[in-house]
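S.K.: Sharing a structure, written as structure tokens. Questions coming.
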Amino acid sequence: MVKNLSISSSLIPDKQRGSVESQVFFLTNRVLRLTQHLQLHGRDYSSQRGLWLILSKRKQLLVYLSKRDKLRYDDLIGQLSIRRLKTR
């Protein structure tokens with residue numbers, strides 16, 4: 001049995017549903033749900049591909065946010081407790 005991992009949507013106000021932070025928030029929730037699904041169904045390759053696509057979209061948004069506003073990026077990473085981007 002897998003725990004129900006999700007982040008409450010109270011972090012995002014209704015006015016900011018299209019902001020980068022809210023998009024990353026919703027993508028992170030989808031990543032958590034797909035990760036739970038894949039723990040039960042390890043050979044579901046179409047879900048794996050969907051997870052990879054969601055992760056790449058979230059990474060693109062995080063790169064954009066880190067270049068535009070480092071403080072908002074740091075705050076978002078802290079709230080969602082996800083790893084920082086790798087920098088070269």
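S.K.: Pairs needed: first member in the stretch 66-87, among the charged types (D, E, K, R); second member anywhere, not in a loop (DSSP other than H, G, I, E, B); C-beta distance under 7 Å; at least 6 residues apart or different chains.
M.R.: Within 7 Å, the pairs are ARG72/GLU21; ARG72/LEU65; ARG84/ILE77.
S.K.: In the stretch 16-36, what count of residues is obtained for those that are at pLDDT 95 or above and open to solvent by 60 Å² or more (accessible area, probe 1.4 Å)?
M.R.: Residues flagged as at pLDDT 95 or above and open to solvent by 60 Å² or more (accessible area, probe 1.4 Å) within the stretch 16-36 amount to 4.
S.K.: Scan the stretch 38-63 and report the pairs whose first residue is farther than 16 Å from ILE82 by Cα and whose second residue is outside any helix (DSSP H, G or I) and modelled with pLDDT under 95, with Cβ atoms within less than 9 Å and a gap of 6+ or a chain change.
M.R.: Here the result reads GLN39/VAL2; LEU40/VAL2, each pair linking the stretch 38-63 to a residue that is outside any helix (DSSP H, G or I) and modelled with pLDDT under 95.
The values are calculated or read from the model by the stated rules, or taken from the named source; none is laboratory data. Since the structure is predicted, the reported quantities are computational estimates derived from the model, not experimental observations. Heads up, the Cβs are rebuilt from the backbone with ideal geometry, glycines too, and the neighbour counts pull from every protein chain shown. Ligands, DNA and RNA are stripped out before the accessible areas are found, and what is left, the full protein with its side chains, is counted by its heavy atoms. Shrake-Rupley method; radii C 1.70, N 1.55, O 1.52, S 1.80 Å.
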